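Colleague: Pasting a structure here, questions to come.
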Amino acid sequence: MIAVAANAFVRIFLAPSCAACDAVLDAPLASPVCAACWRAIPALSPPCCVRCGDALPSRQLPGPLCARCRRHAPVFTLARSAGVYDGSLRKIIHAFKYEGRRVLAEPLARLMKDAGAPVLAGADAVVPVPLHPWRAMQRGFNQADDLARGLGLPVWRVLARTRHGPPQAELPAARRHANVRAAYGVRTTLLGLGAPMLRNRVVVLVDDVMTTGATLEACGRVLVNAGVRSVRALTIARAVAPRSGQPRPRRRPDAARR
Ligand SMILES: [Zn+2]
Ligand SMILES: [Zn+2]
């Protein structure tokens, strides 16, 4: 009752609008995003690749793997996302990441937990994809870290972004993977933690959006080289190509605007 009255008070006197669609919020104290926007999150519709979770073309290829995984298997053994990086989900992520609506991390992590149940099952820990310290300072938080804390597993901050590097978008395609590959390493601490605790473990890399997969691939390689038995990946959203059989669109690569 008190909550209803408090929401009505805020709605009438402050009239805050939805962070994604600008409609006036019915229950502004419950969430900065309206119920319609949460309901409108574009789902990843099956069939999906059993390994990387990408949507398969409607003309089904022989077997459960996408063309990319068959050509060159990614370092992660299993990857899933809660929805498509489009529509209301794109706007919600934008509000979370660039407008500092950190309160959105909790409901977004809940979506990830539901969609990523097979990824999280039996894993030892979640590992957030790190930001370069300079970027973390500018933003004031690391979105992947906020999400990782809502997933119900220990959070291991064992990776470091060691190189700021030129923006991915400014590089020719052939150099993008090399650029991002050289950008991550295992963090060394005074206690010498990091590499030893990773040996033989199953870990889940966590990030907000999977675009080309280059960032997750680069971080996954670092973890495997440090002795991890299996790397999985979980993101809120992923860029998806229209379902017609051709590869995903050439969007801005993951590391372009972290
Ligand atoms: Zn809305
Ligand atoms: Zn695949």
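Colleague: From the list G245, G194, which one is in contact with a Ser or Thr (Cβ under 6 Å, 6 or more places away or on another chain) and at pLDDT below 90?
Modeller: On the way: G245 fails: in contact with a Ser or Thr (Cβ under 6 Å, 6 or more places away or on another chain).
The conditions single out G194.
Colleague: Filter the stretch 102-137 for residues that are open to solvent by 80 Å² or more (accessible area, probe 1.4 Å) and touching a helix residue (DSSP H, G or I) at 6+ places or on another chain (Cβ under 9 Å) and give the result. Let's see the steps before the verdict.
Modeller: So the first thing to find is which residues in the stretch 102-137 are open to solvent by 80 Å² or more (accessible area, probe 1.4 Å), and the list is 102-103, 106, 110, 113-114, 133-134, 137.
R102, V103, E106, K113 - these are the residues of the stretch 102-137 that are open to solvent by 80 Å² or more (accessible area, probe 1.4 Å) and touching a helix residue (DSSP H, G or I) at 6+ places or on another chain (Cβ under 9 Å).
Colleague: Moving on. For the stretch 91-112, which positions are within 12 Å of the chain's Cα centre (by Cα) and charged (D, E, K, R)?
Modeller: If the condition is that a residue be within 12 Å of the chain's Cα centre (by Cα) and charged (D, E, K, R), then K97 is the only one that fits.
Colleague: Filter the stretch 84-123 down to residues that are part of a loop (DSSP other than H, G, I, E, B) and without any contact (Cβ under 8 Å) to a residue 24 or more places away in the chain, then give me how many there are.
Modeller: First, pick out the residues of the stretch 84-123 that are part of a loop (DSSP other than H, G, I, E, B): 85-86, 99-101, 116, 121-123.
Filter again for without any contact (Cβ under 8 Å) to a residue 24 or more places away in the chain, leaving 121.
So the answer is 1.
Colleague: I'd like the full set of residues that are within 16 Å of ligand 1 (Cβ to nearest atom), in a loop (DSSP other than H, G, I, E, B), crowded, with 18+ Cβ neighbours inside 10 Å and small (G, A, S), limited to the stretch 31-83.
Modeller: Here is the first cut: in the stretch 31-83, the ones within 16 Å of ligand 1 (Cβ to nearest atom) are 31-42, 83.
After this cut, where a residue has to be in a loop (DSSP other than H, G, I, E, B) as well, the list is 31-34, 40-42.
Now restrict to residues that are crowded, with 18+ Cβ neighbours inside 10 Å: 31-34, 41.
Hit for the stretch 31-83 is S31, nothing else.
The values are calculated or read from the model by the stated rules, or taken from the named source; none is laboratory data. The structure displayed is predicted, hence computed values, not measured ones. Every residue, glycine among them, receives a Cβ derived from its backbone with ideal geometry; neighbour counts consider all protein chains shown. Keep in mind that these areas ignore ligands, DNA and RNA; they rest on the heavy atoms of the full protein, side chains included. Shrake-Rupley method; radii C 1.70, N 1.55, O 1.52, S 1.80 Å.
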